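To start, the structure itself, in structure tokens.
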Amino acid sequence: MLDRRSALASAKPYVSSVLQIGEARGFSLLQVAGPAKAISPITGKLPTKVGTALQAQGRTLMRTGETQFWIIGSENDAIATKLDGVAILTPLSHSRTRIFIEGAPARDVLSKGLPLDFHPTVFKPGMFAMTGLHHTPVLVHCVNENRFEIYALRTFALSVYDWLTDAALEFAE
Amino acid sequence: MRIPCPHCGERDVSEFRYGGDATKTRPKHGEGDLKAWHDYYFLFDNPKGPHTEYWQHVLGCRHWFKLSRNTATNEIGEAS
Ligand SMILES: [Zn+2]
């Protein structure tokens, strides 16, 4: 089997006792466009509003457009075969690199470059935002209070990682 | 400056791009002489005050919409 190559293979490891930054590998990402009532019998209930992800059948479901969704599952998820013919499918697993940042200072680091309110009472676990970092689009998902996962375009992943680790230098060892 | 995306809600201006004057009417295809097309493409008003513009949430949901903005004060009105 072909190995999936990391876009961050040459990235410099970030070392800190209070903050972890790295790649969260092993996922599949499917973009699905179509009416929710045709898709949800297969995926489970879809979010009705943008900004809050739902969990169903071990997957994370996000509404990214009026009739467009992101389905994030395990690396070998076969949901696409079940949705074939039901909606318009765009496999994005290979086009995104998922970068995590976790630890007490995570919100402070993200606030340095993302135009979002990262106060814990505003950007809460389960919420996500499609936004931009250094003029490149990213999707930021608050997984829990102090952990965030950033879906960056693969070709910009190293740049996003470098930006993050640079912004987090004050917490590095 | 904060802009209300009809899809995502109020977000920072850095996520958007300006897409031009939304009050102009494009000549119909195959109609209008060269001057009508020239004027549509190359002549712009430069209003001071309330204005209706196209904007795109380019780093967000990529939705295009119309926004009313006061060009003198940057006061933001309705988005649709
Ligand atoms: Zn939007």
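Values quoted throughout were computed directly from the atomic coordinates according to the rules given, and no laboratory measurement underlies them. Here the structure is a predicted model, which is why all the values come from computation and not from measurement. FYI the Cβ positions are ideal-geometry reconstructions off the backbone, even for glycines, and counts take in every protein chain you see.
Just a few scattered comments:
- Loop-resident GluC sites (Glu not before Pro) (DSSP state other than H, G, I, E or B) in the stretch B:13-80 with no more than 15 further Cβ atoms inside 10 Å of their Cβ: B:Glu31, B:Glu75.
- When chain A is treated as a GNM with alpha-carbon contacts under 10 Å, the residue of A:Arg25, A:Arg107, A:Arg96 showing the greatest mean-square fluctuation is A:Arg25.
- Out-of-range pairs (alpha-carbon distance over 21 Å; input B:Lys28/B:Lys48; B:Lys24/B:Lys48; A:Lys112/B:Lys66; A:Lys49/A:Lys124): B:Lys28/B:Lys48; A:Lys112/B:Lys66
- If only the Cβ of Lys and Arg carry +1 and only the Cβ of Asp and Glu carry -1, the dipole of the protein assembly as shown around its Cα centre is close to 600 debye.
- Note on chain A: with a GNM built from Cα contacts shorter than 10 Å, the maximum mean-square fluctuation among A:Glu23, A:Glu145, A:Glu75 falls on A:Glu75.
- Span from the the stretch B:1-72 Cα centroid across to the the stretch A:1-60 one, whole angstrom: 34 Å
- Dipole magnitude (debye, nearest 20) for the stretch A:48-100, charges at Cβ of Lys, Arg, Asp, Glu: 160 debye
- Chain B: relative contact order in percent, alpha carbon pairs under 8 Å with at least 6 residues between: 32 percent
- Cα-Cα P(r), chain B, percent of pairs per 10 Å interval: 18, 43, 27, 12, 0
- Aspartates and glutamates with Cα under 20 Å of B:Lys35, excluding same-chain neighbours fewer than 8 positions away: B:Asp21, B:Asp45
- Within a straight-line Cα-Cα reach of under 18 Å, A:Lys45 can be paired with the following lysines, leaving aside sequence neighbours fewer than 8 residues apart in one chain: A:Lys37, A:Lys82.
- Distance between the pseudo-spin-label points of A:Glu23 and B:Leu43 (7 Å out from Cα toward the beta carbon): 5.6 nm.
- Applying the criteria of a DSSP loop state and at most 12 other Cβ atoms within 10 Å to the chymotrypsin sites (Phe, Trp or Tyr not before Pro) of chain B yields B:Phe44.
- Fraction of antiparallel bridges per DSSP, the stretch A:28-93 only, in percent to nearest 5: 95 percent
- Helix-derived mean residue ellipticity, 222 nm - over chain A, DSSP H n ≥ 4, -39500 (n - 2.57), to 500: -4500 deg cm²/dmol
- Percent RCO, i.e. relative contact order, over chain A, from Cα pairs under 8 Å lying at least 6 residues apart: 27 percent
- Neighbours of A:Val50, meaning other residues whose beta-carbon lies under 12 angstrom from its beta-carbon, give a summed charge of +2 when Lys and Arg score +1 and Asp and Glu score -1.
- Estimated from the Cβ-Cβ distance and a Förster radius of 35 angstrom, the FRET efficiency linking B:Lys24 and A:Ser10 is about 0.10.
- Average projection area in nm² (convex hull over Cα atoms of the protein assembly as shown, one quarter of hull surface): 18.0 nm²
- Spatial separation of Cα centroids for the stretch A:80-106 and the stretch A:122-172, in angstrom: 15 Å
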